[in-house]
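Working notes, structure below.
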Amino acid sequence: MPILNDIMDHAVIGRERKRGIRIGMEQGLEKGLEQGLEHERQVILRQIAKRFGPVPAAARKRIEALSAPKLEHIALRLLDAASLRELLG
């Protein structure tokens with residue numbers, strides 16, 4: 001006779017399994033967002049180096065500390081800035 005009970009319907013095991021899945025999904029999403037942000041920083045740094053030459057350590061440190069919205073703002077300003085100082089100013 002086959003067992004037709006679903007473990008997810010179990011009062012304790014199912015609840016804890018669902019909780020574990022939810023936590024894993026949240027952690028995966030958070031890690032993915034962090035990786036995406038780091039990739040965006042690296043692309044912007046390469047674009048700055050291509051446009052203005054080697055990126056000074058102080059400028060690199062400032063860019064690495066920026067949040068996602070500020071990075072996006074820098075990426076857009078990069079198209080019009082005449083110098084690195086103007087870009088980061």
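Bear in mind these aren't lab numbers, they're just calculated from the coordinates by the rules spelled out. Computed from a predicted structure; not experimentally measured. Cβ coordinates were reconstructed from backbone atoms using ideal geometry, including for glycine residues, and neighbour counts include every protein chain displayed.
For the reader, a short list of remarks on this structure follows.
- Single residue of segment 67-89 satisfying the filter (small (Gly, Ala, Ser) and part of a helix (DSSP H, G or I)) that is farthest from residue 56 (Cα to Cα): 68
- Some residue of segment 1-21 being under 21 Å from the mean Cα position of the chain (by Cα) and aliphatic (A, V, I, L, M): no
- Per the listing 55, 43, the residue uniquely outside any helix (DSSP H, G or I) and within 24 Å of the chain's Cα centre (by Cα) is 55.
- Selection of segment 18-48 for residues being over 14 Å from residue 60 (Cα atoms) and among the aliphatic types (A, V, I, L, M) yields 21, 23, 25, 29, 33, 37.
- Residues (among the acidic types (Asp, Glu) and more than 27 Å from residue 84 (Cβ to Cβ)) located in segment 9-58: 9, 16, 26, 30
- Of the residues making up segment 65-79, those that are surrounded by 11 or more Cβ atoms within 10 Å (Cβ to Cβ) and either closer than 15 Å to residue 89 by Cβ or out of contact with any helix residue (DSSP H, G or I) (no Cβ under 6 Å at 6 or more places or on another chain) (or both) are 66, 70, 72, 73, 74, 77, 78.
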